[in-house]
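Notes follow the structure.
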Amino acid sequence: MSASQYIDLDRYPIDRAGPDRDAVIARARAALAEDGCAVLKGFLTGAGIAALTAEAESVADKGHHSHSRTNAYFTRDDPSLPEDDPRRQFFDRSNAFIPADNFVPEGPLRQVHDYPGFDRFIQDCLQEEKFYRYADPLADVIVNMAEEGNGFPWHFDTNNFTVTLAIQNAEEGGAFEYAPGIREGDENFAEVAKVLNGTSERVTVLHLEPGDLQLFRGRYSLHRVAPLKGARPRYVAIFSYVEEPGMVGSVERTEQLYGRTLPVHHERAGQRADAYID
Ligand SMILES: O=C(O)CCC(=O)C(=O)O
Ligand SMILES: [Fe+2]
């Protein structure tokens, strides 16, 4: 099976310049302009979903589990603030990242990632001028694995955008919930507090299905993955792009997310400011 059978190229002719590709890009741009989120439903074919699921399952035991308590800003507690300030609301976060070097070039995930025109297509949707694949062999494309009891609570991303591909859903739960543009302009702590305590009316709930590609600008939009239920794990691939060529993660961050480092992380340490992954 080859990459051209994993991606629904009739619906998403990412490698063929012309009006059909232009129309897909125009729709994604419009959705991003509207609320910072574009979903390309059914980006993968049924065969693609099956192949990526089987691959994720085959390397699931290589996932690095991590657990932390974080607020929406990934900052430390500040006891000088009132107790009900959103910066003081901490939630459990736990999941496992399957590092990128478990996905071999001839496997389906990398066949999709390396398909001609894939990067350019994402870049054209996002309209980012500086756009390079993350050069980190542990992190350029990973699978985020989460099970019942795990969670990705409310947060703002520190990176400008996130590109995810849904592979498998949990039996229940796992909706992607977001409050579009909630801190556009200013931090808007009052409304953020409402989202955190479940009383905001600004939350959009997205039910992504296996095979959906999502482009999300999460810097200004508070978002979370709703709690998961059931025995089946949720698998989501995350593709990482950065603003400069040759970037890799810092030693500390890589150790924390993937449980190990490679020589390249040590060689490049100190050459640049870290920009990823949270
Ligand atoms: O797992 C997801 O669907 C999104 C996770 C997320 O918000 C992130 O990676 O920042
Ligand atoms: Fe996020």
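We did not get these values from a lab; they are worked out from the coordinates using the rules stated. Just so it is clear, the model here is predicted, and its values are computed rather than measured. FYI the Cβ positions are ideal-geometry reconstructions off the backbone, even for glycines, and counts take in every protein chain you see.
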What are the equivalent ellipsoid semi-axes of region 150-216, built from the alpha-carbon gyration tensor (square roots of five times its eigenvalues), in whole angstrom, biggest first? 23, 15, 10
Would you please calculate the Kirkwood hydrodynamic radius of region 136-278 over all C-alpha pairs and express it in Å, rounded to one decimal? 16.5 Å
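Taking neighbour Cβ counts within 10 Å as the exposure measure, how do 229, 130 sort from fewest upward? Kindly include the intermediate steps, with their values, before the conclusion.
Details: 229 14, 130 10.
Ranking 229, 130 by Cβ neighbours within 10 Å, fewest first, gives 130, 229.
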Taking +1 at the Cβ of each Lys and Arg and -1 at the Cβ of each Asp and Glu, which of 24, 73, 63 sits farthest along the dipole of region 1-122 towards its positive end, judged by Cα position relative to the Cα centre? 24
Value of relative contact order over region 134-278, rounded to a whole percent, pairs C-alpha under 8 Å and six or more apart: 41 percent
Reachable lysines from residue 130, Cα under 29 Å, same-chain residues fewer than 8 places away excluded? 41
Over the chain, how many percent of alpha carbon pairs lie in each 5 Å bin up to the one with the longest distance? 1, 6, 12, 16, 19, 18, 14, 9, 4, 1, 0, 0
Can you give the calculated 222 nm mean residue ellipticity of the chain, where each DSSP H run of n ≥ 4 adds -39,500 (n - 2.57) and the sum is split over every residue, rounded to the nearest 500 deg cm²/dmol? -7000 deg cm²/dmol
Send over the Kirkwood Rh of region 65-152, from the inverse of the averaged 1/r over different Cα pairs, rounded to one decimal Å. 16.1 Å
Using the Cα centre as the reference, give the magnitude of the dipole from point charges on the C-beta atoms of the chain (Lys, Arg: +1; Asp, Glu: -1; all else neutral), rounded to the nearest 20 debye. 80 debye
